[in-house]
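Here is the structure we will look at, set down as structure tokens.
Just so it is clear, none of the values below were taken in a lab; they were calculated from the coordinates. This is a predicted model, so every value here is computed, not measured. Positions of Cβ are generated from backbone atoms using ideal geometry, with glycine treated the same way; all protein chains shown enter the neighbour counts.
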Amino acid sequence: MNGTERLRVGVLISGRGSNLQALLDACAEADFPAEIVLVISNKADAQGLARAESAGVATKVVPHLDYASREAFDAVVTAAFEAAEVDLICMAGFLRLVTQGFVNRWRDRLINIHPALLPAFKGLDTHERALAAGVTEHGCTVHFVRHEMDDGPILGQAAVPVLPGDTPDSLAARVLEAEHKLYPQCLRLIAEGRVKIRGDSVAIAESSPRP
Ligand code: GRF
């Protein structure tokens, strides 16, 4: 990529696509250094597909049930992203486990957003579990994807308070608002070439090395 090109981004979704929307909105800004070139969903009825189409972004449905193995599914997804010449894949509410081969193929070019302050509350039902644990702070994490689920170098986190009377839904809504700010910020950092992965952690350069 040279200094004038925008980072080419692919997004993987399964549903609502509100994080995809936040990324689309950011990419619609004239000075944003990334563009979304392809959105892939494993579900034909994912609401996020309509969001991408409204933004004029190409979409593809790869129904996972059509494939006999995870490897076969991931190979089709990889081929589509390769054809679209993506530099980075953002997982945004993608409800499939990816294979080790997929993680290796896109190593350091595959990120995910998780609705908890990792390494706390990996997995599902994070808001219920945060309330049950009695934490006073909860939040979200954007991280590079590695072989373990919800693991990998942390690119950014945003914390929100847990308030008296919170329900899983009210807490989820507060976290989601933070997600919608965090994910575009993290994408910008990568697109500006400011992110270096050093072992298990991420170093962020102070300012953009790009002109
Ligand atoms: C978000 O909470 C995200 O952190 C998690 O799945 C949810 C997806 O929501 N991985 P949306 O589809 O982006 O609205």
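Tabulated data
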read-out	value
Paramagnetic reach from Asp108 (point 7 Å along Cα→Cβ, amide N under 15 Å) across segment 1-42	1
In nm, spacing of pseudo-spin labels at Ala173 and Ala44 (7 Å Cα→C-beta vector)	3.4
For Phe73, net neighbour charge (Lys/Arg +1, Asp/Glu -1) across residues whose Cβ lies under 11 Å away	-1
Distance between modelled label sites at Arg70 and Glu35, nm, 7 Å Cα→Cβ extension	3.4
For segment 93-150, Kirkwood radius (reciprocal of mean inverse C-alpha pair distance, Å)	12.3
Kirkwood-based shape ratio for segment 7-106, expressed as Rg/Rh from alpha carbons	0.95
Net lengthening on full extension, Gln185/Thr136 (0.36 nm per residue, minus Cα-Cα)	15.2 nm
Cβ-defined net charge surrounding Thr141, 12 Å radius [Lys, Arg +1; Asp, Glu -1]	-2
Kyte-Doolittle mean at least 0.0, axial Cα span of 15 Å or more - DSSP H helices of the chain	70-83, 168-191
Shape of segment 168-211, Cα gyration tensor, a/c cut at 1.5	oblate
Neighbour net charge for Ala55 - beta-carbon separation under 13 angstrom, K R +1, D E -1	-3
Over the chain: helical MRE at 222 nm, DSSP H runs n ≥ 4 each giving -39500 (n - 2.57), nearest 500	-10000 deg cm²/dmol
